[in-house]
Amino acid sequence: QVLLCGVIVTRPEDPLTFLEEKLREIMEEGLDAILWSTCIDLSLHPKLKRISETYLHTVFGLDGEQLMLKELCAKAWDFYSRNVMKLYFGEWIKYSLLRKNKRNETKQKVDLAVVHYNVQILRVTVRKWSTWVQVHKEKVALAGKRLQQIFKKIYLNAVVKAWRAETLSSLETKAYFESLAKESEKDWFGTNYLTVGHETSHLPEKALLQIFRYVNLVDLARCAQVSQTWMQLTQNSSLWSDINFSSVKHKLQDQTVVNILQKWHPYVLHLNFRGCYSLQCTSFKTISECKNLQDLNLSECQGLNDESMRLISEGCRALLYLNLSYTDITNGTLRVLSSSFSNLQYLSLAHCRKFTDKGLLYLGSRKGCHKLVYLDLSGCIQISVDGFRNIASGCSGIQDLLINEMPTLTDRCIQVLVEKCRQITSVVFLDSPHLSDSTFKALAECKLVKVSVEGNNQITDLSFKLMSKCCPYLRHIHMVDCQKITDAGLEMISPLKHILVLNVADCIRIGDEGVRTFVQGSSGAKLRELNLTNCIQITDASVTEIAQRCPELAYLSLHHCENVTDAGIQALGNMLSLISIDISGTSISDMSLRVLGHYGKIKELSVSECKNISDIGIQEFCKGTKYLEYCHISCCPQLTEEAVTAMALHCHRLTSVNMAGCPRMTDTCIQYLAAACHYLHFLDVSGCIHLTDKALKYLWKGCKQLQILKMLYCRNITKQAVLKYTATLEKQEHNDADPPSWLGYDRDGNI
């Protein structure tokens, strides 16, 4: 017996016969009739379980006696195949996702590695580049030092050559004047000294040309008539590159301007017509022929209008400097400027009231004045915030800004201007009372070098704080009559290192503490000018500190610092750098004048209203100094003619003298002054009640360069003498009224 497919099969008795029979059946019925049980006896066939007893009954919908057919197997196989396929496909999806995730992870790691590699490469590159830059800088610095050494050698050679040439010229000049001194002993009227062969022809031409440059047009024409040599020198083109018609504005005729400019127009670079009211259309048309003109001053020219500027613009395209202040120009002129003067750098429109905000818009349109670095809008009260916005949009390169005498100026005007004009380095706001700390908050964006504000009661110490924080290169501070500035403000700017000029005049809240803190700061040793006028809290302690801490100080004003006495001024006696001092209205005496005159370097002295000084103090001071040029002794009724006589004898370089309010002066002191001080330009003798017509005659003979003479309250000087002797002066003032009570004396000079 054999177990086959779960059925026990018994071997037939005759196997060969059994097989033979089965083979015949297969041959008869065909291969399709072969079943797995063909070779098993029917009695031994297993009894199959009915399909209804399994779950296939439900799946295939079979009845109770139905067996599994081929179709059912196919259906079962299909069901099984789909399940297997679904199973394997799901596993394949999982496998694919796993591989994809691994690839992504690998890619991220590779990218990270690439970034890390690039960073390392960049770091190495930067390190090598930094090393190269350092080496390159050292090489450049070394080359710079070598070039500087070479430059110094070349410069030194040039200086030595120039010095040698100057020495030779000085020797020739000295020899010339020595010859003049010898000739002065002879009879001058017996020689023809105005001929071509005179000694003046031997003066070096360079020296003569240098002299002629300081001569006005009328005198230059007279010099041309002296000799043939001088005639030729006056025709030198270098004398006509800078023509100042303003010096002869009262005599100037339109045809004179035309003749001069037509002859010299190729050489003219600078023209000054300030105050020339007689100019006509022909003059302006002739100006346009000066193709190389760079500087033109038409300030206060009454005949100037838009048409005149149009004529000038036709030829003067190289103009760099233009002054149109106090003229009647309108928007038309500003339109001409924008289209014709694209290279313009300096422009003054001060007190021009007839243009509007729209005109300022032209400055930035078309070619525009985009190169402007200097702009003066003083007194242009018609300009609004929109006007400043127009300026900013077209002229963003402005560096110097002047807006004086403009009560309509507000913080907003400056704010809109600074939004685009970030290169401003200098601002001047005199008599602009409505500006506040907000203005300097806006200007903090600019690197200011110079600040000037005057007559403002809204600016406080906060502005000084902003300057100290944002303007490290500030050199010039002018904050006059700003009542809210205190010692704290000076303390805030004390760390600044480059301040050369500090003017806090009329800031009455400033005292010794503020001055001491400032001069002990970083700029004390560099300070060149200090003005403490009317700072009434200043005492000798401040003056002593200034003398110790400010070795470079050249200009000092202690005007009306009433608490300053001789003790403070004596400390200033050791300051070798001091050349100008104003101690008017202080409590000093002759002792201070003696100390100040000891080193003899003072050029400007003001001792007005000093009641404790006398003639002896002035005499002691003048004996010690020979360089005095400016001396004011006004309102010192105790001084006599001896003081002025001492000035005349010892100080021959005087150019400005003020003795107003000194009733004891006489004609004698004026005689000495006129005989010795030939460079005098300004003289004020108002209130000198004893002066007569003789004083004017002395001045007329001796002071040929006198330009301004004031003779108020001089009842002994007649109008006839004034008309006779002051006709050539630029300005003179005279009346014969009694002196006012504020001078401190009556009509007879009694105190």
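The values are calculated or read from the model by the stated rules, or taken from the named source; none is laboratory data. Note that the structure is a prediction, hence the values are computed from the model and not measured. In this analysis, Cβ positions are derived from the backbone assuming ideal geometry, glycine residues included, and neighbour counts consider all displayed protein chains. For the accessible areas, the whole protein counts, side chains as well, though only heavy atoms, and no ligand, DNA or RNA atoms are used. Shrake-Rupley method; radii C 1.70, N 1.55, O 1.52, S 1.80 Å.
List of remarks:
- First in the stretch 64-83 and assigned to a helix (DSSP H, G or I) and among the aromatic types (Phe, Trp, Tyr), second anywhere and at pLDDT below 80 and open to solvent by 90 Å² or more (accessible area, probe 1.4 Å), Cβ under 6 Å, 6 or more apart: none
- Remark: pairs (first residue in the stretch 670-698, at positive phi and assigned by the TED database to the domain that holds Val644; second residue part of a helix (DSSP H, G or I) and open to solvent by 10 Å² or more (accessible area, probe 1.4 Å); Cβ separation under 9 Å; 6+ apart in sequence or on different chains) = Gly687/Leu743.
- No other residue among Gly585, Gly617, Gly661 is touching a Cys at 6+ places or on another chain (Cβ under 6 Å) and either hydrophobic (A, V, I, L, M, F, W, C) or closer than 30 Å to Ser741 by Cα (or both) apart from Gly661.
- Of all residues making up the stretch 264-286, the number that are of a type outside the set (Ser, Thr, Tyr) and over 17 Å from Val248 (Cβ atoms): 6
- Filter result for Leu363 (at pLDDT below 90 and either crowded, with 23+ Cβ neighbours inside 10 Å or β-branched (Val, Ile, Thr) (or both)): yes
- Ile581 of a type in the set (A, V, I, L, M, F, W, C), surrounded by fewer than 18 Cβ atoms within 10 Å (Cβ to Cβ), free of Cβ contacts under 8 Å to residues at least 40 places away in the same chain and not assigned by the TED database to the domain that holds Thr640: no
- The number of residues in the stretch 727-751 being of a type in the set (D, E, K, R), in a loop (DSSP other than H, G, I, E, B) and closer than 30 Å to Cys276 by Cα comes to 1.
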